[in-house]
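Nothing in this text is a laboratory measurement; each read-out follows from the coordinates by a stated rule. Predicted model only: the values in this text are computed from it and were never measured. Cβ placement follows ideal geometry from the backbone for every residue including glycine, while neighbour counts extend to all protein chains displayed.
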């Protein structure tokens, strides 16, 4: 118990024994109750911000879009060279099977890869560049339906 709380308790006890000062104890109680609410709300807000900062970041290349899957694949193939795609495949082969059996790109649809890649690349501790290359490889070789 802090000195502040001890003083508040003593003050409340003194105020209750003095009948003419009962309004002071009510005011003091209201004051500490509102302080508790403010402190509680502040702690909750700080905790929420902390958790928001810890959430995995989604690189722009992995963000879901409203493009048709075929259009997305075409855009990725224009943006990345075959050498980059091959490097993305190598990274995925070396990283993904550390936690689970390896899944070929064609096992899942573009939408499924877009959904799972942000968390998987985060768990694999890939940097942004490697995440983009893995995503480019997997999405460009995924099922289109």
remark   = Here, residue 116 and residue 68, labelled 7 Å along Cα→Cβ, have an inter-label distance in nm of 2.6
key: Contour minus Cα-Cα distance for residue 47 and residue 128 (0.36 nm per residue)   = 26.5 nm
request  = Could you work out the Kirkwood radius for region 81-145, taking every pair of different alpha carbons, averaging 1/r and inverting it, reported in Å?
outcome  = 11.5
query = What's the exposure ranking of 100, 122, going from fewest to most Cβ atoms within 10 Å?
reply = 100, 122
Virtual spin-label span in nm between residue 84 and residue 143, 7 Å along Cα→Cβ = 2.8
